[in-house]
Amino acid sequence: FNSTEWAALARPEIKREDFKEMPCYLSGDLASKHDLVALMQLFCLPDKRFALFGKYYIPEATLNLPENQHYRNWHIAGHIETAGQEITDLDIFKEDAIKYCADFDVLEMPSDPNRAWGVYPALEKEGVPVVEYRNTILTMSEPMKELDALIRSGRIIHNGDPVLAWAIANTTARMDKKDNVYPNKESNTNKIDPVVGAIMAIGRAMTRDNEGFAHFSF
């Protein structure tokens, strides 16, 4: 992804509450129990445009590691929430997902069953519209290409979230012989969890027709 083009799409004045009338998708990447966890919210705007927001969680022990000054800076600035001590307290993740479903028009919450840890079954019991979304090259390729197209065409906006910008810059494409792509990272320190969550949400949004909503202008 082009980080310069991504930065140009920032609208610092927007907040998720501006889009209460818009349908949206939730998605989470629960790749690690002791590092960054992302809860992404993708709003479907008119003319096949989107607005993307993220919320992030990290355990205290990881936040305070010497090499994680970037996490501490983002935590101080209010961009990352601490959740748990040694491992991430996913009850906070679940509470936020339930709250977003109560406050917004959440159509679906795609989830990878291989990384559920019992979280998504618990959310289903609370009425969250969880749908299975396995993270394979075949399910991730087209929505990853779509995210690139959205960035290039200026059809996705965000609030300038630095954690998401960092993940965008960290994301590379692993390609197979049929030109399918899968989100990849060059090292374990270059987290891409927010982007993986966004791609899952876009994958589900691609299955619906998002035309005909009231006009928003940003």
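The values are calculated or read from the model by the stated rules, or taken from the named source; none is laboratory data. Small disclaimer: the values here were computed from a predicted structure and weren't measured. Quick reminder, even Gly has a Cβ in these numbers, built from the backbone with ideal geometry, and neighbours come from all protein chains shown. When the accessible area is computed, the model is the full protein with side chains, heavy atoms only, and any ligands, DNA or RNA have been set aside. Shrake-Rupley method; radii C 1.70, N 1.55, O 1.52, S 1.80 Å.
Quick notes
- Yes/no for LYS20 being surrounded by 13 or more Cβ atoms within 10 Å (Cβ to Cβ) and either under 18 Å from the mean Cα position of the chain (by Cα) or within 23 Å of MET109 (Cβ to Cβ) (or both): no
- ASN188, sole failed condition from (1) within 23 Å of GLU81 (Cβ to Cβ); (2) touching a helix residue (DSSP H, G or I) at 6+ places or on another chain (Cβ under 8 Å): (2)
- Test for THR4: is it free of Cβ contacts under 8 Å to residues at least 40 places away in the same chain, hydroxyl-bearing (Ser, Thr, Tyr) and open to solvent by 10 Å² or more (accessible area, probe 1.4 Å): yes
- Considering each residue of region 51-62 in turn, at least one proves to be touching a residue at least 60 places away in the same chain (Cβ under 8 Å), closer than 24 Å to ALA7 by Cβ and open to solvent by 10 Å² or more (accessible area, probe 1.4 Å).
- Residues in region 86-99 that are loosely packed, with under 14 Cβ neighbours inside 10 Å and outside any helix (DSSP H, G or I): GLU86 only.
- Single match in GLU132, GLU108, GLU124, GLU146 (criterion: free of Cβ contacts under 8 Å to residues at least 40 places away in the same chain, surrounded by 13 or more Cβ atoms within 10 Å (Cβ to Cβ) and of a type in the set (Asp, Glu)): GLU124
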